[in-house]
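The values are calculated or read from the model by the stated rules, or taken from the named source; none is laboratory data. Since the structure is predicted, the reported quantities are computational estimates derived from the model, not experimental observations. Using ideal geometry, Cβ is built from the backbone for each residue, glycine included, and neighbour counts are taken over all protein chains shown.
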Amino acid sequence: MASLRAAVAARRREFATVRRCARQSLAALGIPPMPLLPGERGAPLWPRGTVGSMTHCLGYRAAAAARADEITALGIDAEPHQPPFPLTHRRLDFRTASVSFQPAERTFSAEFLVPGPRIGEDEVSRFHGRWLVDQGIVLTAIALLPARPNLRQVAR
């Protein structure tokens, strides 16, 4: 891949390993192996009808995939468990979102304070996720379920 030609060997291995994780996630859905090329800003282009997310940091690689008719959007992240901005010692800017954590449940909620991303015709204004700290890594995950009008009618 042209974008990796100048990368150091460790970065190329990281790229290959996280994409192998993604292909395994897709295989669990019955989707045959295929290249997962980078799209806009390096995010992978998932096969039609699927959504997914990949994450990697020093010592950790993971991927998750789902069928797009079951999950609207999927996001995972892994970062070393350390103070934010350790080199610059700057405060984080929280003008774009408000995040609250529920430690006992290991969940979090985030609400956009600016217009949120659009998925189809709907604007996402808030989402909920789960988090875990394990072996020096902070793991987070979110899954946005599709709107299901029939469920709302039954709940009335």
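Observations
- Any hit, the range 105-116, residues being at pLDDT below 85 and more than 14 Å from the chain's Cα centre (by Cα): yes
- Of all residue pairs spaced 6 or more apart or on separate chains, those with beta-carbon atoms under 7 Å, a first member in the range 27-43 that is surrounded by 10 or more Cβ atoms within 10 Å (Cβ to Cβ) and a second member that is assigned to a strand (DSSP E or B) are Leu29/Thr50; Leu29/Ala65; Leu29/Arg67; Ile31/Thr50; Leu36/Pro44; Pro38/Pro44.
The rows are residues; the columns are (1) within 16 Å of the chain's Cα centre (by Cα); (2) surrounded by 12 or more Cβ atoms within 10 Å (Cβ to Cβ); (3) modelled with pLDDT under 90; (4) assigned to a loop (DSSP other than H, G, I, E, B).
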| position | (1), (2), (3), (4) |
| --- | --- |
| Ala7 | no, yes, yes, yes |
| Arg12 | no, yes, yes, no |
| Thr17 | no, yes, no, no |
| Cys21 | yes, yes, no, no |
| Ser25 | yes, yes, no, no |
| Gly52 | yes, yes, no, no |
| Ile71 | yes, yes, no, yes |
| Gly75 | yes, yes, no, no |
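- Flag if Pro44 is modelled with pLDDT under 95 and touching a helix residue (DSSP H, G or I) at 6+ places or on another chain (Cβ under 8 Å): yes
- With respect to (1) under 23 Å from Gly136 (Cα atoms); (2) modelled with pLDDT of 95 or more, the lone exception for Ile31 is condition (1).
- Enumeration of residues in the range 78-95 that are modelled with pLDDT of 75 or more and surrounded by fewer than 10 Cβ atoms within 10 Å (Cβ to Cβ): Gln82, Pro83, Arg95
- Once the range 117-156 is narrowed to residues that are surrounded by 12 or more Cβ atoms within 10 Å (Cβ to Cβ) and of a type in the set (S, T, N, Q), the residue that is modelled with the highest pLDDT is Thr140.
- The residue that is surrounded by the most Cβ atoms within 10 Å (Cβ to Cβ), among those in the range 54-69 that are of a type in the set (A, V, I, L, M) and without any contact (Cβ under 8 Å) to a residue 40 or more places away in the chain, is Met54.
- The residues in the range 101-114 that are surrounded by fewer than 10 Cβ atoms within 10 Å (Cβ to Cβ) and under 15 Å from Leu132 (Cα atoms) can be counted, and the count is 3.
- Pairs where the first residue, in the range 116-141, is assigned to a strand (DSSP E or B) and the second is modelled with pLDDT under 85 and among the small types (Gly, Ala, Ser), C-beta under 6 Å, 6+ apart: Glu123/Gly116
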